[in-house]
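Reading through the structure tokens given below for one structure.
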Amino acid sequence: MKVLVVGSGGREHALAWKLAASPRVREVVVAPGNAGMRDVARVVDVSLRVDALLALARREEVDFTVVGPEAPLVGGIVDAFEAEGLRIFGPSAEAARLEGSKRFAKEFMARHGIPSAAFGSFRDAAAAHAYLSEVGAPIVVKDSGLAAGKGVTVARTLDEARAAVDAIFERPGAEVVIEEMLVGQEVSLLIFTDGLAYRPMVLAQDYKQALDGDQGPMTGGMGTVAPATVLSSAQQWQAMAKVVEPTLKALNADGIAYQGVLFIGLMMTEEGAKVLEFNVRFGDPETQVVLPLMDNDLLRVLESVVDRRLARLELCWTGRKAACVVMAAPGYPGAYRKGVPIHIPDDLGPDVVVFHAGTAVEDGRLVSSGGRVLNVVALADDLAEAVDRAYAAAARIDFPGAHLRRDIGARLLRR
Ligand code: AMP
Ligand code: GLY
């Protein structure tokens, strides 16, 4: 089969890498992709617009499409492909509202009794400020719309919260969600679901803040580890019984057929697991640590979701551990430099794989072209070793001024 992966980051490189390993895949095409993916895929530089991707899929006679990022899902790529009889993995635009509108997600959870933070949602600044005065700090302020993981402020003070509200309302038509701050360990639970059955992937933990010790601004993710062995079996059971299953039931009750990956950001609070957010896609950089641990042929898994045969499939995991260290551009997540030359040695070893996010080739040389540039992933039989291998590999990559966190995995290793 010829498979199209939509997107251009490290998550899509990991998807392409895993799909290329399937005996049933003849070719992987990635659009728009990036220069570093050419080891496993053909990169076709088209825009992320649904019509351009549809034209590409028809022209290339693609057999199966997998969508990485949320924007095309929210924009209806799955509906458009299905209307043309093309097979595609991901939720419909209607289902993708779970991520596309935080207000929609919060109202959905409230309506169905799915545990989550108390909230208010506002279309104007005055009402938002009045609510802030009422509830006080600490408090969490979110842009309701898509913001690439950067639209959230966990405010310690009212002043910080007010500034975050004002910043969001600088955009006309904006909507703000204000939430109670939840406290606990955060985990990324990704499940495959075909709308009937579901299969959880190994849990991952994301290091979202820019600086060590979870300091500094939110980023798209500075590193991940999997499996995140932070939940007792009782907590795992509770997360499935009180969050995952009620969510899938609620989707069905609302007449929303959900097919794809549902990524549930969970906070393990003293009152049990609560939902921080839903994402309607694979996580980035969670995918970079989850897929290398999967023993299944990924194409078969994705097809069984699209064909609604997931109940007959079991996921198999290698039992190893994975760590991903993100090498970001100097200055990220603020204004960052592009065009920094990068050299990656060929001999990083069998247990290391480098997934490219923001890279390009200029004059035959690999250079940085984005904020998060490289994902250095290492595997080992224990997590401490995986983390060490990832940092050792990162140290051998020549990327002047690269910004990376030094404490990926620390939350788990401290235990
Ligand atoms: P979101 O995009 O909604 O997942 O928010 C990004 C990050 O902000 C989450 O991964 C959490 O680390 C943090 N966060 C979001 N909502 C809350 C909350 N209600 N309480 C505490 N932290 C939160
Ligand atoms: N790593 C968080 C996300 O993919 O949204």
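The values are calculated or read from the model by the stated rules, or taken from the named source; none is laboratory data. Treat the numbers as computed from the prediction; the structure is a model and nothing was measured. Don't worry about glycine lacking a Cβ; one is built from the backbone with ideal geometry, like all the others, and counts go over all protein chains shown. Just the protein is used for accessible areas: all its heavy atoms, side chains included, with ligands, DNA and RNA removed. Shrake-Rupley method; radii C 1.70, N 1.55, O 1.52, S 1.80 Å.
Couple of notes before you dig in:
- Spatially, the stretch 275-308 and the stretch 241-260 are offset by 17 Å when compared through their Cα centroids.
- Residue order for Phe399, Phe119 - accessible surface, 1.4 angstrom probe, largest first: Phe119, Phe399
- Long pairs among Lys102/Lys338; Lys106/Lys208; Lys142/Lys249; Lys2/Lys106; Lys142/Lys321, criterion Cα-Cα beyond 29 Å: Lys102/Lys338; Lys2/Lys106; Lys142/Lys321
- Distance between the stretch 337-414 and the stretch 50-92 - C-alpha centres, whole angstrom: 31
- For Val30, the amide hydrogen comes within under 5 Å of the amide hydrogens of Val5, Arg42, Val43, Val44, counting only partners 5 or more places away or on other chains and with H modelled in the peptide plane.
- Here the gap between Asp388 and Asp159, fully extended at 0.36 nm per residue and compared with their Cα-Cα distance, gives a gain of 78.4 nm.
- Loop sites in the stretch 40-116: GluC sites (Glu not before Pro), DSSP, at most 15 other Cβ within 10 Å: Glu60, Glu61, Glu84
- Dimensions in Å of the stretch 10-68 - Rg and Dmax from alpha carbons: 10.8, 30
- Trp17 accessible area, 1.4 Å probe, all protein chains in place, Å² to nearest 10: 80
- Computed log₁₀ I(q)/I(0) - Debye formula, equal Cα scatterers, no solvent, the chain, q 0.07, 0.10, 0.11 Å⁻¹: -0.31, -0.66, -0.81
- In the chain, helices alone account for a calculated mean residue ellipticity at 222 nm of -8000 deg cm²/dmol, with every DSSP H run of four or more residues adding -39,500 (n - 2.57).
- For the stretch 201-303, the square roots a ≥ b ≥ c of the C-alpha gyration tensor eigenvalues yield an a/c of 1.5 or more together with a/b not exceeding b/c, which makes the shape oblate.
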